[in-house]
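Remarks on the structure that follows.
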Amino acid sequence: MSDGNVAAEQLRQFIERIERLTEEMTGIRDDIKDVYLELKANGYDVKTVRAIVRLRRMERNARMEAEALLETYKSALGIE
């Protein structure tokens, strides 16, 4: 095989991997959507659960900093 054929084959393999991963990602998004629908059907507030998920992804220090900043802004605006 010439270098051009090898490069084309490698490129094709990369593209096929990206396509497979994109399909998997779509499936995972659909699964997550289903879980949120199930949460809602069981009486949970989806918006609040999304906020909790977002907070749990954050590192502890970043979360504490964000919460402190939120409290500072709320205090400045007189929001309890």
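Couple of notes before you dig in:
- Ordering Gly27, Leu11, Ala66 by Cα displacement along the dipole of segment 3-76 toward the positive end leaves Ala66 in first place; charges were set at the Cβ atoms of Lys, Arg (+1) and Asp, Glu (-1).
- For segment 3-76, the Cβ-based charge dipole about the Cα centre amounts to some 460 debye (Lys, Arg positive; Asp, Glu negative; other atoms uncharged).
- The residues packed around Asp30, meaning those with a beta-carbon under 12 Å from its beta-carbon, carry a net charge of -2 if Lys and Arg are +1 and Asp and Glu are -1.
- Put a plus charge on the Cβ of each Lys and Arg, a minus charge on the Cβ of each Asp and Glu, and nothing anywhere else: the dipole of segment 34-80 about its Cα centre is then about 120 debye.
- Per-residue ellipticity at 222 nm from helix content only, as computed over the chain with -39500 (n - 2.57) for each DSSP H run of at least four residues, stands at -30000 deg cm²/dmol.
- Histogrammed with a bin width of 5 Å, the alpha carbon distances of segment 3-76 distribute as 3, 13, 10, 12, 11, 11, 12, 8, 7, 6, 4, 2, 1, 0 percent, first bin at zero.
Coordinate-derived values only; no laboratory data. Fair warning: this is a prediction, and the values are worked out from it, not measured in the lab. Counting neighbours? That spans all protein chains shown, and the Cβs are built from the backbone with ideal geometry, glycine included.
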